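The values are calculated or read from the model by the stated rules, or taken from the named source; none is laboratory data. Since this is a predicted model, take the numbers as computed values, not measurements. We place every Cβ from the backbone using ideal geometry, glycine too, and count neighbours over all the protein chains shown. Keep in mind that these areas ignore ligands, DNA and RNA; they rest on the heavy atoms of the full protein, side chains included. Shrake-Rupley method; radii C 1.70, N 1.55, O 1.52, S 1.80 Å.
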Amino acid sequence: MTSTAKLWQRLTSVRQSTRRYLTASAQTKRSWARVADSLTSIPVYYQDQVNVIAAAHGCFPYTIVTPTYEGFLSVEREQVICAFPDKLYVLSNHSDHIDMQSVAYSKIAYMQHASVLLKSWLKLMFVEPVSSPGQVVFRYNSASECCFRPLLKLMRSNCYGQPSPAVHIETQSLQYIGQLDYKMYNYAVSSLLPGQQVHSSLFQSAVQQELIRLPRVFLNRTISTAHLAILTDDELVLVSDGEHAKWHSHRRYGGIWTIIPLSKIDNIAVVGDSKGLLIVNYELV
């Protein structure tokens, strides 16, 4: 038997493997956060603590499981987020233990929510010391955005007492933004809660500085990205393009929303800088 025939015999005699391999899309979905609607849908090593929390509040919370996420510079730990009407519990998976932190909505100085391409995050900042550092950050794949929208709405609605029963979202006073920047108009409308009354808004397009001027050639640098401020009954909402838009002005992907309860603003100062821009500083309590 020739060597070619022997090789063919070996190839055709290999049994089909019984292993099942994950497709690329299935592996990607493993990095997505998900909503857990029951105790059994949470990883086993969290169930005892979540059961104790749920028993203390008399109901099962709105729960999000965020898997280990390796899409950023550092690997994010797996977390379970349990949201009740008055506070949030965050359980983080360390190598040798499960760490738990509770966050009362009344202690939140401001919230920052961002979505840029596939990178999204939700940051809760505190002025007063809590059980650990002054911030809690959740990073997740943007495909999981639908899981975090109800959480953000829950926290915002309950920061000021009972959530509003209204379902109408005001858009009339923001129509002028749509004529200037339709993307920011959509972001402005989506940032409002039902029933919120818009008292004032201010839009600023991107500010550019000329670097080089040659015949038929202009080279500019963006020193301030497009942003807007919306003043409502109980919040100051700031919306802006991501910092990447400074270097790639034609790539305005995603945005950053900063939500500040008015009750947390103690002082506002407006100062000028060397570039001729006005900078608004907020002092929070």
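Overview of values
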| item | result |
| --- | --- |
| Any strands (runs of 3 or more DSSP E) falling wholly within the range 169-226 and containing at least 3 residues that are closer than 25 Å to Leu154 by Cα and either open to solvent by less than 50 Å² (accessible area, probe 1.4 Å) or of a type in the set (Gly, Ala, Ser) (or both) | 198-204 |
| Count - residues of the range 35-52 that are among the aromatic types (Phe, Trp, Tyr) and surrounded by 14 or more Cβ atoms within 10 Å (Cβ to Cβ) | 1 |
| Residue in the range 1-22 that is of a type in the set (S, T, N, Q), open to solvent by less than 100 Å² (accessible area, probe 1.4 Å), at pLDDT 75 or above and more than 24 Å from Lys153 (Cβ to Cβ) present | no |
| Neighbours by Cβ (under 6 Å, 6+ apart or cross-chain): first from the range 219-231, under 20 Å from Tyr182 (Cα atoms); second open to solvent by less than 70 Å² (accessible area, probe 1.4 Å) and among the polar types (S, T, N, Q) | Thr222/Ser249; Thr225/Ser240; Ala226/Ser205; His227/Ser240; Ile230/Ser201; Leu231/Ser200 |
| Strands (runs of 3 or more DSSP E) wholly inside the range 28-123 that include at least 3 residues being within 30 Å of Lys264 (Cβ to Cβ) | 62-66, 79-83, 87-93, 98-104, 108-116 |
| Members of the range 73-100 found to be modelled with pLDDT under 90 and touching a Lys or Arg at 6+ places or on another chain (Cβ under 8 Å), listed by number | Glu76, Asn93, His94 |
| Residues being open to solvent by less than 70 Å² (accessible area, probe 1.4 Å), part of a strand (DSSP E or B) and among the hydrophobic types (A, V, I, L, M, F, W, C) - total across the range 261-277 | 3 |
| Val137 vs. criteria within 20 Å of Arg30 (Cβ to Cβ), open to solvent by less than 40 Å² (accessible area, probe 1.4 Å) and of a type in the set (A, V, I, L, M) | no |
